[in-house]
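Before any comments, here is the structure.
The values are calculated or read from the model by the stated rules, or taken from the named source; none is laboratory data. In this text, all values refer to a predicted model and were calculated from it rather than measured experimentally. Note that each Cβ is placed from the backbone with ideal geometry, even for glycine, and that neighbours are counted across all protein chains shown. Surface areas here come from the heavy atoms of the whole protein model, side chains and all, with no ligands, DNA or RNA. Shrake-Rupley method; radii C 1.70, N 1.55, O 1.52, S 1.80 Å.
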Amino acid sequence: MVLWLLLMVVLLASSAFGVLLLLGPFVKSLGGSEATYGALCASAALPTAIALAMLLRFPRAVEPQLLLAGACLIYAGAAVLAATTQARGAVLVVAAVVLGTAWAVTYTAAPMIASDLVSDRDRATVIGYATGTIQAGFGIGPVLGNALRDANLSYQQVFLVGAGLALAAGLLVVPLSLQLRRLPPVPAQSEVAPGAPDDAAPGSAAGRSVLRSPSLVPLTMVLLSACVFTTMNSFQTTFAESRHLDFDVFYVTYTIAVISVRLGLARMLSDSASDRVVAVTTVGMTAAAVAFVFVGSNVVLYCLASLLLGCTYGLGLPAFQARAVNLAGPAERVRMLPMAGLLFEVAILACPLVAGAVVHAYAYRGLFVLLIAITSAVLVLGQIRPRREPAALAMSPGAAATVGGER
């Protein structure tokens, strides 16, 4: 029941985010370009970094479900603000900053809730449920927004629909919180090891500790994957338009693929964060980036490239996130998902600035050359086999069960 409520919250919230992806064509309708939209997205990068750095510094100062509720409500307010704009200007920038920052907190808080419910062995799967549902919303939102536009609704009216979805998500956190409080106590998986100080690795020391941790490799993969995701997601509407394609094909195909692997295939794998899964998904992400270069105006190739990206990215990202937690030492575990969220969300907001400039200068072929370079770096990192810290292994209920035998 708790998991289903969480998934419903993130579906509504991410659908609201998907609807607001129509800010891209909205900006172009106001006389802007991809570079303008990229700069608008990037305006939220610094506030997002500050917000998530505070969450990293004080990871449990506020319960994750309360963070989730507050972020959804703030997102709804920012969507309403976006709906009041009729031209490019300060109001639109403020709306973009608040939208980006609120979504970053939403995206980070949901996996934190999911991660607390399970052991190490199941973490990648359950995080995959949460982030897979988020991806479903990312696919539903633009398709819904496009349908509303086809029904002759203005961009402003479409943004109000997004605000309503975010508001509903925030309100649904109330029964979720009640259900979470009724759960029996779970053995702490993110606490410091016995004998370690309660305030182990505070502030900047926490960041230095993470940089020395084996988790640095999967965290870097999360960062680079975010660059791929945000570029493909944010510029898909204008890319499809440039190729005389329907961007619904991408969002629907990609979403079905992500949901299928995260909610279906991941359940059939004994460990969906294994070395083999990570290696295969990184190869697939690179192949998908190459495939988009040859799409042209061919709908079938467009669909196949979208399918490959959805399957490989969909299975890979939760694996990278779970490995970051599982490889962490006892003092870093509680901060690992906020750290992953910080890297992911800052990249999501900052990367469009670079991507938009590349499109403006070198068109979309240049953009996919950049994406191939990024996915190739992920592929190389995916072949690294970092060793888990002994303290992390000893403290983990899931790992202990694995050492003692099959679960």
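Quick notes on this one:
- For segment 294-407, the helices (runs of 4 or more DSSP H) that sit wholly inside it and include 2 or more residues that are modelled with pLDDT of 90 or more and open to solvent by 20 Å² or more (accessible area, probe 1.4 Å) are 299-326, 333-382.
- For first residues located in segment 144-161 and over 23 Å from Arg88 (Cβ atoms), partners that are modelled with pLDDT of 90 or more and lie 6+ apart or on another chain with Cβ distances below 8 Å form the pairs Leu144/Ser15; Leu144/Val19; Leu144/Val161.
- Subset of segment 1-35 (residues that are at pLDDT 85 or above, of a type in the set (Ser, Thr, Tyr) and over 18 Å from the mean Cα position of the chain (by Cα)): Ser29
- Counting the residues of segment 56-90 that are of a type in the set (Asp, Glu) and at pLDDT 90 or above gives 0.
- Selection within segment 13-27 - open to solvent by 10 Å² or more (accessible area, probe 1.4 Å) and either over 16 Å from Val158 (Cβ atoms) or aromatic (Phe, Trp, Tyr) (or both): Phe17
- Hits in segment 267-280 (condition: within 17 Å of Val222 (Cβ to Cβ) and either in a helix (DSSP H, G or I) or among the hydrophobic types (A, V, I, L, M, F, W, C) (or both)): Ala273, Asp275, Val277, Val278, Ala279
- Close contacts from segment 271-287, counting a first residue that is surrounded by fewer than 20 Cβ atoms within 10 Å (Cβ to Cβ) and a second that is small (Gly, Ala, Ser) and part of a helix (DSSP H, G or I), with Cβ to Cβ under 7 Å and a gap of 6+ residues or different chains, come to Ala279/Gly382.
- Close Cβ contacts (under 8 Å, 6 or more residues apart or on different chains) running from residues in segment 32-57 that are under 14 Å from Tyr107 (Cβ atoms) and open to solvent by 20 Å² or more (accessible area, probe 1.4 Å) to residues that are modelled with pLDDT of 85 or more and not aliphatic (A, V, I, L, M) comprise Ala51/Thr101.
- For Ala226, the criteria (1) of a type in the set (Gly, Ala, Ser); (2) open to solvent by 30 Å² or more (accessible area, probe 1.4 Å); (3) touching a Cys at 6+ places or on another chain (Cβ under 8 Å) hold in every case but one, which is (2).
- The one condition in (1) open to solvent by less than 10 Å² (accessible area, probe 1.4 Å); (2) at pLDDT below 85; (3) of a type outside the set (Asp, Glu) that Ile259 fails to fulfil: (1)
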